[in-house]
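The values are calculated or read from the model by the stated rules, or taken from the named source; none is laboratory data. The shown structure was predicted, so the numbers you read here are calculated from the model rather than taken from an experiment. Note that we place each Cβ from the backbone using ideal geometry, even for glycine, and neighbour counts take in every protein chain shown. Areas reflect the complete protein model, heavy atoms only, side chains present, ligands, DNA and RNA absent. Shrake-Rupley method; radii C 1.70, N 1.55, O 1.52, S 1.80 Å.
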Amino acid sequence: MSNQQRGKLVVGNWKMHGRLAANAALLQAVAQGSGELPADVRVGVCVPSLYLAQAQSLLKGSPVVWGVQDVSAFTHGAYTGEVAAPMVTDFGATFAIVGHSERRAYHRESAELVAVKTQRVLEAGLTPIVCVGETLEEREAGSTEQVVGGQLDEVLAKVSAQEAARLVVAYEPVWAIGTGKSASAAQAQAVHAFLRARLAAKGAADVPLLYGGSVKPENAEELFRQLDIDGGLIGGASLKDQDFLAICKAAAATSVAG
Ligand code: PEP
């Protein structure tokens, strides 16, 4: 399948930002702006789980889908403060991010735990957005492929080929997240091609591969034109409706229907 046949996917990761009133304005603006996008550009927002019901009520009937930024590795039980994947399903969600570098770093999530969470998300009928990425030190040591390949392999080892085909994978170099310093289009494409080959070996060549790390309206189109970049996972810029919609429009400019 070609880059164009796969269409484009742009997902916002709000992280721990937002309050009821500000969310309402942002969700309404994104829902309205997304109505003007071609059908082969899909848009989603991953909100703090507390605001899932709000996202559901304000996005229902719009082309925008919603999800969360993490789930528990367990389906239920005595895990104070955790949110289970089936609970997320109750709110009509589509996506759950797993393995974001902030969770790997600040919550010491291992590659194995990320793989278990991926399984829970799949079992709940949701689409996992599996994040992988190397630190600056790892890149400079020449171990980018070893790091991202290892993170992805841990997930692929725990899922069937059919399940692998239901994944979304996001390449997010840790050094580019929230720093304003994006990977160049060529750097990102090289890692995406590597990840695509790994997925193809599992029979899942066509999963959407998103790039994340300081995507902005100014650099989105060049990134999205790369052969193996199927869209973006957007942090900071997803909190500003105009910027997020401009990135969605950049995706449309690189899609077949756009
Ligand atoms: C992210 O955290 O997923 C991300 C890509 O952040 P930013 O766009 O702010 O770099």
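Let me make sure I get this right: for the chain, a, b and c are the square roots of the gyration tensor eigenvalues over alpha carbons, sorted descending. Under 1.5 in a/c it's rounded, otherwise prolate if a/b > b/c, else oblate. Which is it? Here the chain falls in the rounded category.
In a shell of Cβ-Cβ distance under 9 Å around V147, excluding V147 itself, what net charge do Lys and Arg (+1) and Asp and Glu (-1) give?
On the way: positive: R139; negative: E134, E138, E145.
Once positives and negatives cancel, what remains is -2.
Note on K216: lysines with a C-alpha under 30 Å away, same-chain residues under 8 apart excluded, are K8, K15, K60, K117, K181, K240, K249.
Extension gain for Q56-S2 works out to 16.2 nm (0.36 nm per residue, less the C-alpha to C-alpha distance). With the biggest extent put first, the Cα atoms of the range 1-123 measure 43, 41, 25 Å across the principal axes. Averaged over residues, the count of other Cβ atoms within 10 Å places the peptides 110-123, 226-239 in the sequence 226-239, 110-123, highest first.
With an 8 Å Cα cut-off and a minimum separation of 6 or more residues, compute the relative contact order for the range 85-223 in percent.
Details: 205 pairs, mean separation 32.8, N = 139.
Normalised by residue count, the contact order of the range 85-223 is 24 percent.
A viscosity of 0.692 mPa s and a temperature of 37 °C, combined with the Kirkwood radius over Cα pairs in Stokes-Einstein, give a translational diffusion coefficient for the range 111-258 of 211 µm²/s.
Net charge dipole, the range 126-199: roughly 280 debye, given to the nearest 20, about the Cα centre with Cβ charges of +1 for Lys and Arg and -1 for Asp and Glu. In the chain, the calculated helix contribution to ellipticity at 222 nm averages -12000 deg cm²/dmol per residue, counting -39,500 (n - 2.57) for every DSSP H run with n ≥ 4.
Using a simple charge model, +1 on the beta-carbon of Lys and Arg, -1 on the beta-carbon of Asp and Glu, nothing else, what dipole does the range 12-159 show about its Cα centre, in debye to the nearest 20? Could you put the intermediate results ahead of the total?
Working: 11 positive and 16 negative charges, 116 e Å.
Value, rounded to 20: 560 debye.
In the range 94-154, taking the dipole from charged Cβ atoms about the Cα centre, the farthest positive-side position among V98, L152, G125 is held by G125. The charge dipole of the chain, taken about the Cα centre with unit charges on the Cβ atoms of Lys, Arg (+1) and Asp, Glu (-1), comes to about 380 debye, rounded to the nearest 20. Computed on the Cα atoms alone, the convex hull of the range 193-258 gives a volume of 84 cubic angstrom per residue. Put a dot 7 Å past the Cα of A186, heading toward its Cβ, do the same for L227, and the two dots end up 1.5 nm apart.
Can you tell me which of 132-139, 37-44 comes out highest on packing, and rank the rest after it, using the mean Cβ neighbours within 10 Å?
Values: 132-139: 18.8, 37-44: 20.2.
The densest-packed peptide leads the list: 37-44, 132-139.
Each residue of the range 12-22 was assigned a 3J(HN,Hα) from its phi angle through the Karplus curve 6.51 cos²θ - 1.76 cosθ + 1.60 (θ = phi - 60°); the sequence is x, 10, 6, 6, 9, 10, x, 9, 3, 5, 5 Hz, with glycine and proline shown as x.
With the other protein chains left in place, how much accessible area per residue, in square angstrom, belongs to the chain at a 1.4 angstrom probe?
Details: 11130 Å² over 258 residues.
The answer is 43 Å² per residue.
Which distance in Å, rounded to a whole number, links the C-alpha centroids of the range 71-87 and the range 196-258? Cα centres, the range 71-87 to the range 196-258: 30 Å.
With both labels modelled 7 Å from their Cα along Cα-to-Cβ, the V256 to A29 distance reads 3.3 nm.
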